[in-house]
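Take a look at the structure below.
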């Protein structure tokens, strides 16, 4: 057989609870665990879902129809400045989220609800309270509409009550990714819903305008007091500036005003005079330098041609001398110097030289005269410039204080002009800006917005499913029983020998059929037992359980029949002397048995009975003794097992359940191993663990656990977990064994 659990024998007779590699049982996924839990409690879950759904339907049908009206407005980040007048409040900023969150809070403000209540006089309308299913202060719900007198205190309480109702039923819904906001109001009256929704947005816009007007009114009062003081300061500073300029002789010819509003004096009378005279001084200095250059050139080079170039008559004389000298040189080529024509030419040259010298002297005298005049003019202008510099220096030193006066005048003028302009603007600032506009007014709703039957039923169904799931989870967590085969090893720490399915027919009849499901299940147990020791199936073994009716006796008989068909002779011994049931179920005699042998009767042949034509014998429990524990604690039980093992190939003892008794531990000491029987979905894990601890403390060899009454379809595994490996394969394995 494949995928069977093997349990090698260990020296201290303790079996390793974890199966060897290659023979692990499958652990169900979490989702399958939950699905199986739901199937186990399916009727309870369906009852919870149905109850909650029906309750939701009834509650929906009993609800009063509600009508919702919606108005839509737009709140722009930057205000529309109709009058081009800047508001007192900062209207732009980088934090759009903060701005819009502020607007949403203002739309939900209590002050806005109070304005709507005052505008529509809702506290005086009984139909308003009736539309919300409440009674106004001072009246009962059944007496709404009475016209009795209302005191001032009651009216204030009704106004407060109306405001609370408004805030409870209004909803602000921003449209994602836009500046649009829907304002909805829900009430039992469609007309009332429409009126309140429209009044809400109108009053919100008006409240915003009133808030701005209120802030400008306070500002005007403040600015009036500030303007009066600034006017006096400006007049005083201007007067001080003019008086100081007159005392210091500061005459301003031109002034400029910078971007910051500061006045700068660009030119005074002294600076203007200095500029003009300094320009003349520069010209005189140039003329003097030019005259000095001409005079120096004529003095350093008497024969220089510079004079000829600058004087036309001197140039003509020099040209004539050059011509006369050329004529004289030509005559010398032909004649001697004493020749009359040559002498006449030489005298002409000498005459021209004298004329040139005389003309040069005259020109030099003229150059000297021009130089002297230019020098005198330069000296005079320089003296004037020095005088103006001293005057301007004195004026500059005085301008320090003058500029102080001027800055004070400029500052006072800027403050005064700015406040005066602001004073003129704030009168229209409140109406000059508006960033809120109505996009759509609410229309009269024709269909109720609630209750929404389909939605409420769906929600009730979901709530019922959630509640049912919660109850199932709680029940599953409170349930400590073992439900799945894999939980044997996980929770009890012992290996699983097999899982026996629950059947509705007679189990004894089923086990007699080798092809039945029961036979297949116990064949798997027999095969797994063959791996528990080094010599195969233990020769002597006992079956016990936590409590009665867990299938222990049936399993002992079934295992005996399987071993009888495959492993030789078997004797089934009923050691449960407190409550013997095997003999009755098999239709055998219980007059003599184990209790007789333990009491001293050695006639085993008279106590052993045959079961039909099978290879299985049976030894009944015998008469019920006064104290079963005293009989079991003696040596006769070990002697009984020893004698039976000599006569039969296998000895199976049907032990009493644990139940805090000492019978099972006493029996476990005289056999090779103990099979612990656990009923599926019944036995508490804590009780089973306590029983296993008692068995281990008695040094019993626990071969493994057998899960009985296992319903595979309910848990979702399907038949075959632990034993459904195929009939043919099981039969082949059994034949080989």
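Before moving on, here are some points about what is shown:
- Each of 128, 335, 531 has some number of other Cβ atoms within 10 Å of its Cβ, and from fewest to most they run 335, 531, 128.
- Translational diffusion of the range 310-395, µm² s⁻¹ [Kirkwood Rh, Cα pairs; Stokes-Einstein; 37 °C; 0.692 mPa s]: 195 µm²/s
- Here 709, 552, 380 are placed in order of increasing Cβ neighbour count within 10 Å, fewest first, which gives 380, 709, 552.
- Average projection area in nm² (convex hull over Cα atoms of the range 482-736, one quarter of hull surface): 12.5 nm²
- Simple label model, 7 Å out from Cα along Cβ direction - residue 236 to residue 155, nm: 5.5 nm
- Antiparallel bridges, percent of DSSP beta bridges restricted to the range 482-736 (to nearest 5): 10 percent
- Whole-angstrom gap from the range 560-636 to the range 331-357, using each part's C-alpha centre: 189 Å
- Residue 119-residue 224 FRET efficiency (beta carbon distance; Förster radius 35 Å; 0.05 resolution): 0.55
- Residues 186, 610, ranked from the fewest to the most other C-beta atoms within 10 Å, line up as 610, 186.
We did not get these values from a lab; they are worked out from the coordinates using the rules stated. For clarity, every value in this text was computed on a predicted model and none was experimentally measured. All Cβ positions, glycine included, derive from the backbone under ideal geometry; neighbour counts span all protein chains shown.
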